[in-house]
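What follows is one structure encoded as structure tokens, with my remarks underneath.
The values are calculated or read from the model by the stated rules, or taken from the named source; none is laboratory data. Quick caveat, the model's predicted, so the values are computed rather than measured. Counting neighbours? That spans all protein chains shown, and the Cβs are built from the backbone with ideal geometry, glycine included. Each accessible area value is taken on the protein alone, full model and side chains, heavy atoms only, with ligands, DNA and RNA left out. Shrake-Rupley method; radii C 1.70, N 1.55, O 1.52, S 1.80 Å.
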Amino acid sequence: MRPLFTLSLSDIVISALGKAGYHKCEELFEEYQQKALDILKSFNLNFDDIKALMQGPGAITAAQLLRNEQMNEQIPTFSESLDKILGGGVQVGSLLQICGPPGSGKTQLVLQLCVNVQLPCALGGLESESVFIDTESTFSVDRLREIASGASYHCSKVASIYNLKEDMTNFTPDAVLAGVHYFEVENILKFMSVIEQLFELVRINKKIKCIVIDSFTFPFLRITNHIDRTRYISMIIQKLQDLALEHSVAIILNNHLTTKISQEIKVLAPALGESFSHAIPNTLLLGIVDNSFSAVMYKSYKLAEEVVLFKICSLGIRDI
């Protein structure tokens, strides 16, 4: 009899099943348990999900893993230097943390990504859609339209060179706005509710390939209990990682910088602590250098640490 807590389920799911009298995996399958099924459905789960978790993942070879990584799709930024340090663009099927001080271009970059994920396939794009989760009420439809207009203008020029004008008919500023799904979140409860909704949303709408959270930090600021905050963060990150891998979605988390004391020296570091940062495979650090915007891969398991410069103009993100 295998205990339920040994499965990679959230504490909330395990607690709900426990209150209903289910503590072992096999207890869910002794008879047809409508009560257990109703509980699982409330968390977008079913009996097949439990069986899959009990079986565990199958092994693959390193060669297969390499091929999978090479086949991963990417979202360009419209800055060749930024794309270079990102390994060709933002990887679909992974999590990326973008952190930096106020005014360093975090929101501008994610708005650009929400537009660029919709680039036509004929121009090497994904022709997909995006989700923008706004926790700080900083989302600007006017700015999004401005960036969309810049992208449409740029792509129209490229399409005219290669006789691809017909492929640009659906890539207009209005069409781009229609391809961005917006959620406004004011507190941690609504934040968790939206995270749960994302699984159903991407299951129904297969075109969603980019999810932005701007910012990931804000919903947790009012949680004063450190243990509760860590538990919420761990649970949400696990869900986002599952979402990215299962549905091949790029998930971008904007984060603040905070002051960290290291050997009696004050240094800037991503907010929410080291346990949060360690859970994210790639972190892009933005800043301002000599009136230009800078970016460096602050942390990555495979990308080199290299500083590049870019600019933010009325048309969006571009090279200097």
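Only a single criterion out of (1) small (Gly, Ala, Ser); (2) over 30 Å from Leu40 (Cβ atoms); (3) not in a loop (DSSP other than H, G, I, E, B) is not satisfied by Gly103, namely (3). Scanning region 127-136 for residues that are on the phi < 0 side of the Ramachandran plot and open to solvent by 30 Å² or more (accessible area, probe 1.4 Å) yields a total of 2. Residues of region 85-118 being surrounded by fewer than 23 Cβ atoms within 10 Å (Cβ to Cβ) and either of a type in the set (Asp, Glu) or more than 24 Å from Tyr298 (Cα to Cα) (or both), which ones? The answer is none; no residue qualifies. Please determine whether any residue of region 41-50 is within 27 Å of the chain's Cα centre (by Cα) and either farther than 20 Å from Leu243 by Cα or hydroxyl-bearing (Ser, Thr, Tyr) (or both). Checking region 41-50: at least one residue is within 27 Å of the chain's Cα centre (by Cα) and either farther than 20 Å from Leu243 by Cα or hydroxyl-bearing (Ser, Thr, Tyr) (or both).
Scanning region 67-84 for residues that are open to solvent by 10 Å² or more (accessible area, probe 1.4 Å), within 15 Å of Leu284 (Cα to Cα) and not basic (Lys, Arg) returns Pro76, Ser81, Asp83.
Selection over region 169-194 of residues that are open to solvent by 20 Å² or more (accessible area, probe 1.4 Å) and more than 14 Å from Asp134 (Cβ to Cβ) gives a count of 12. Being touching a helix residue (DSSP H, G or I) at 6+ places or on another chain (Cβ under 9 Å), of a type in the set (Phe, Trp, Tyr) and open to solvent by 40 Å² or more (accessible area, probe 1.4 Å) is the requirement here; does Phe47 meet it? Taking the combined requirement at face value, the residue does not satisfy it.
Just to be sure before I move on: is Phe139 open to solvent by 10 Å² or more (accessible area, probe 1.4 Å) and either aromatic (Phe, Trp, Tyr) or part of a loop (DSSP other than H, G, I, E, B) (or both) in the structure I sent?
Values: open to solvent by 10 Å² or more (accessible area, probe 1.4 Å): yes; either aromatic (Phe, Trp, Tyr) or part of a loop (DSSP other than H, G, I, E, B) (or both): yes.
For Phe139, the condition - open to solvent by 10 Å² or more (accessible area, probe 1.4 Å) and either aromatic (Phe, Trp, Tyr) or part of a loop (DSSP other than H, G, I, E, B) (or both) - is met.
Part of a helix (DSSP H, G or I) and either open to solvent by 30 Å² or more (accessible area, probe 1.4 Å) or without any contact (Cβ under 8 Å) to a residue 12 or more places away in the chain (or both), is that true of Glu30? For Glu30, the condition - part of a helix (DSSP H, G or I) and either open to solvent by 30 Å² or more (accessible area, probe 1.4 Å) or without any contact (Cβ under 8 Å) to a residue 12 or more places away in the chain (or both) - is not met. Go through the residues of region 239-252 one by one and say whether even a single one is open to solvent by 30 Å² or more (accessible area, probe 1.4 Å) and over 24 Å from Glu129 (Cβ atoms). Among the residues of region 239-252, not one is open to solvent by 30 Å² or more (accessible area, probe 1.4 Å) and over 24 Å from Glu129 (Cβ atoms), which makes the answer no. For region 274-285, a residue qualifies if it is at pLDDT 80 or above and open to solvent by less than 10 Å² (accessible area, probe 1.4 Å), and the qualifying residues are Ile280, Thr283, Leu284.
If you take the residues of region 286-305 that are more than 17 Å from Ser104 (Cα to Cα) and not small (Gly, Ala, Ser), which of them is surrounded by the most Cβ atoms within 10 Å (Cβ to Cβ)? Once the filter is applied, the top-ranked residue is Lys299.
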